[in-house]
Amino acid sequence: MLDMIILDAHEAELRAALTTADGSEAAAYLLFGSAEIAADPWTQAPRRRLVSRRVLSIPPEDLISASGVHVTWSTRGFVKLLKQAEQDGLIAAIVHTHPGSTAFFSEQDDRNERDLLGIVSNRSGNGHSFASVVLGGDSSIAARLWTSPGTMEPCRRVLVTGKRISLHVSKETVHAPESLDRQARLFGPMFNPTIRALRVGIVGCGGTGSPTAMMLARLGIGGLLLVDDDVIELTNLNRVHGARRSDAEARTPKVEVLAREIRSADLGVEVATFRGWVGDADARDALRSCDVIFGCTDDHDGRLFLNRFAYFYGIPVIDMGLRMMPAREDRPYEMAARVTVVAPGTPCLLCRGLVVPRLAAEEALRRTDPAEYERRKAEAYVMGGGDPAPAVVTFTTETACMAINELLQALTLFRGGEGMKPERRRRFDTVDDRSTTVKPRIECEMCAGTGVWGLGDVEPFLHRMG
Ligand SMILES: [Zn+2]
Ligand SMILES: [Zn+2]
């Protein structure tokens with residue numbers, strides 16, 4: 001299976017550059033990173049995902065002719081593009097518009113692309129494939145991948161991601177059940193097929209992760225991936241949805257509790273689970289298969305991992321957290337929720353000061369060398385590992401609602417065209433609701449520039465050492 005992620009910044013750049021005053025077709029180049037997935041967590045089938053990395057314009061002097069139904073340009077630039085793609089370990093692509101129609105590949109496109117494949121085939125090295133993308137005048141997108149010596153694979157789904165998320169799927173693939181009728185009455189007939197086609201990861205299945213999973217299942221998300229290392233304990237029963245006393249007694253893994261509850265509701269939602277830490281090498285296939293990920297963990301190292309992951313793969317991470325402080329004589333309650341969108345085009349968690357690198361390092365130590373961690377803790381060399389934070393089900397669940405509502409905003413734009421807020425904070429104690437922004441730190445390689453956006457698979461994974 002082949003699918004494609006186009007960053008919304010790239011789509012906007014292409015649409016702006018390729019809109020012509022006289023309605024004639026226009027073209028540009030794109031470079032893609034890729035994710036080679038050995039086994040999709042829902043189907044176990046291998047899949048490949050292309051992620052847009054960079055838009056390149058075609059010099060005006062290369063344009064040969066264009067009209068409302070065709071565009072032709074010299075292939076000189078294409079040869080250069082192939083060379084660059086090969087150097088950078090990327091996949092070259094051509095993009096052209098069909099301003100007067102929906103996106104599809106015409107017979108003319110077939111002929112042109114076979115000619116280009118001839119050029120590709122005559123080269124050695126990695127440059128043995130190229131992608132082609134058509135942008136329709138109705139905002140539709142079609143894509144495919146040509147591979148030497150002459151095979152063409154259609155792209156089953158194209159996802160445009162960023163603060164806005166849209167999914168372009170071939171029509172025969174999705175069927176939305178009648179049980180979802182009432183939400184289509186709000187968001188329209190295309191909402192449920194989109195929801196059904198989405199694959200969503202939930203990292204952390206506790207206070208905020210469990211309501212997130214249960215509500216995404218109600219919403220009709222087609223595939224859920226649950227990631228968590230932990231088991232249910234007695235003190236989880238006040239807030240983890242679906243958890244039973246018997247789960248605490250049996251120390252049932254959190255992912256199994258949620259999978260059991262969602263499956264037994266029989267909503268047609270496919271659930272996959274990964275019991276382990278999000279950064280484990282064995283979780284990579286599953287995470288790279290997601291369209292969106294909810295970050296429901298309070299693990300700093302996990303957040304640090306997802307923070308990189310979002311930019312390399314163009315998969316938005318909607319991260320959430322709470323700060324709950326009891327009232328004392330000298331100060332009132334402090335109770336707040338935060339939902340942060342991590343995606344190319346928004347400031348990252350590090351720049352927002354939401355990940356403490358030292359705590360992340362301690363957590364890594366606790367995972368990899370528990371004895372050494374305990375030794376340092378005994379000597380008071382570690383910052384973390386103190387008393388558990390206060391948690392109340394209504395506030396953890398409300399935080400999950402805020403986060404899922406951001407996804408709904410990304411898909412439907414019910415609050416207007418800007419898409420998701422990069423960060424929202426809600427004070428429960430003062431009834432204050434606001435969105436906040438920060439500037440990326442100049443040196444940040446994730447969010448200050450486009451440095452790692454859409455790189456996809458690299459060695460080492462996410463350029464992360466150790
Ligand atoms: Zn065409
Ligand atoms: Zn940053």
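Every read-out reported here was derived from the displayed coordinates using simple, explicitly stated rules and does not represent laboratory data. Computed from a prediction, not measured in an experiment: that's the story for all the values here. With ideal geometry, Cβ positions are generated from the backbone for all residues, glycine too; neighbour counts draw on all protein chains shown.
Of all residues being under 18 Å from W146 (Cα atoms) and surrounded by fewer than 19 Cβ atoms within 10 Å (Cβ to Cβ) in the range 81-103, which is farthest from ligand 1 (Cβ to nearest atom)? Just the residue, please. Quick ask: steps written out before the conclusion?
Filtering the range 81-103 for residues under 18 Å from W146 (Cα atoms) gives 81-86, 89-96, 103.
Checking the rest, the ones that are also surrounded by fewer than 19 Cβ atoms within 10 Å (Cβ to Cβ) come to 83-84, 86, 89.
Values: K83: 25, Q84: 24, E86: 26, G89: 28 Å.
If we take residues in the range 81-103 being under 18 Å from W146 (Cα atoms) and surrounded by fewer than 19 Cβ atoms within 10 Å (Cβ to Cβ), then G89 is farthest from ligand 1 (Cβ to nearest atom).
Can you spot a residue in the range 381-400 that is farther than 20 Å from D298 by Cβ, more than 16 Å from ligand 1 (Cβ to nearest atom) and without any contact (Cβ under 8 Å) to a residue 24 or more places away in the chain?
Checking the range 381-400: at least one residue is farther than 20 Å from D298 by Cβ, more than 16 Å from ligand 1 (Cβ to nearest atom) and without any contact (Cβ under 8 Å) to a residue 24 or more places away in the chain.
Is it true that some residue in the range 35-46 is without any contact (Cβ under 8 Å) to a residue 40 or more places away in the chain and either of a type in the set (D, E, K, R) or buried (at least 16 other Cβ atoms within 10 Å of the Cβ) (or both)?
Looking for residues that are without any contact (Cβ under 8 Å) to a residue 40 or more places away in the chain and either of a type in the set (D, E, K, R) or buried (at least 16 other Cβ atoms within 10 Å of the Cβ) (or both), one finds none in the range 35-46, hence no.
Here is a check on your reading of the model: is V438 within 30 Å of R284 (Cβ to Cβ) and within 16 Å of ligand 2 (Cβ to nearest atom)?
Working: within 30 Å of R284 (Cβ to Cβ): yes; within 16 Å of ligand 2 (Cβ to nearest atom): yes.
Spelling it out, V438 is indeed within 30 Å of R284 (Cβ to Cβ) and within 16 Å of ligand 2 (Cβ to nearest atom).
Filtering the range 422-435 down to residues that are in contact (Cβ under 8 Å) with a residue 12 or more places away in the chain and more than 12 Å from ligand 2 (Cβ to nearest atom), which residue is surrounded by the fewest Cβ atoms within 10 Å (Cβ to Cβ)?
Ranking the qualifying residues of the range 422-435, first place goes to S435.
Return the residues of the range 321-347 that are part of a loop (DSSP other than H, G, I, E, B) and in contact with a strand residue (DSSP E or B) (Cβ under 6 Å, 6 or more places away or on another chain); say none if nothing qualifies.
P344
Consider only pairs whose beta carbons are under 6 Å apart and that are at least six residues apart or on different chains; among these, list those whose first residue lies in the range 326-354 and is over 18 Å from P440 (Cα atoms) and more than 16 Å from ligand 1 (Cβ to nearest atom) and whose second residue is in a strand (DSSP E or B) and of a type in the set (A, V, I, L, M, F, W, C).
Taking only residues 6 or more apart or on different chains, the pairs are E334/M325; M335/M324; A337/L322.
Under 26 Å from P460 (Cβ atoms), basic (K, R) and without any contact (Cβ under 8 Å) to a residue 60 or more places away in the chain: which single residue out of R275, R244, R251 fits that description?
Result of the check over R275, R244, R251: R275.
I need the full set of residues from the range 130-139 which are within 23 Å of the chain's Cα centre (by Cα) and within 13 Å of ligand 1 (Cβ to nearest atom), in order please. Walk me through it before giving the result.
Let us first name the residues in the range 130-139 that are within 23 Å of the chain's Cα centre (by Cα), namely 131-135, 139.
Once the filter is applied, which keeps residues that are within 23 Å of the chain's Cα centre (by Cα) and within 13 Å of ligand 1 (Cβ to nearest atom), the range 130-139 yields S132, V133, V134, L135.
State yes or no: is Q44 of a type outside the set (F, W, Y) and assigned to a loop (DSSP other than H, G, I, E, B)?
yes
Filter the range 61-75 down to residues that are within 35 Å of the chain's Cα centre (by Cα) and within 18 Å of G118 (Cβ to Cβ) and give me whichever is nearest to ligand 1 (Cβ to nearest atom).
For the range 61-75, the residue satisfying everything is T72.
Answer yes if at least one residue in the range 408-420 is of a type in the set (V, I, T), within 16 Å of ligand 2 (Cβ to nearest atom) and surrounded by 15 or more Cβ atoms within 10 Å (Cβ to Cβ), and no otherwise.
Looking through the range 408-420, none of the residues is of a type in the set (V, I, T), within 16 Å of ligand 2 (Cβ to nearest atom) and surrounded by 15 or more Cβ atoms within 10 Å (Cβ to Cβ).
Between T450, T437, T430, T397, which is in a helix (DSSP H, G or I) and either of a type in the set (S, T, Y) or farther than 26 Å from E13 by Cα (or both)?
None of the others qualify; the one that does is T397.
Does G416 satisfy the condition of being away from ligand 1 (no atom under 16 Å from the Cβ), over 17 Å from the mean Cα position of the chain (by Cα), assigned to a loop (DSSP other than H, G, I, E, B) and under 29 Å from I165 (Cβ atoms)?
yes
Quick one: is D285 under 16 Å from I202 (Cα atoms) and free of Cβ contacts under 8 Å to residues at least 40 places away in the same chain?
When the stated conditions are applied, D285 does not pass them.
Can you name every residue in the range 451-466 that is touching a strand residue (DSSP E or B) at 6+ places or on another chain (Cβ under 7 Å) and either of a type outside the set (A, V, I, L, M, F, W, C) or within 16 Å of ligand 1 (Cβ to nearest atom) (or both)? Walk me through how you get there before you give the answer.
Filtering the range 451-466 for residues touching a strand residue (DSSP E or B) at 6+ places or on another chain (Cβ under 7 Å) gives 453-457.
Hits for the range 451-466 are G454, G456, D457.
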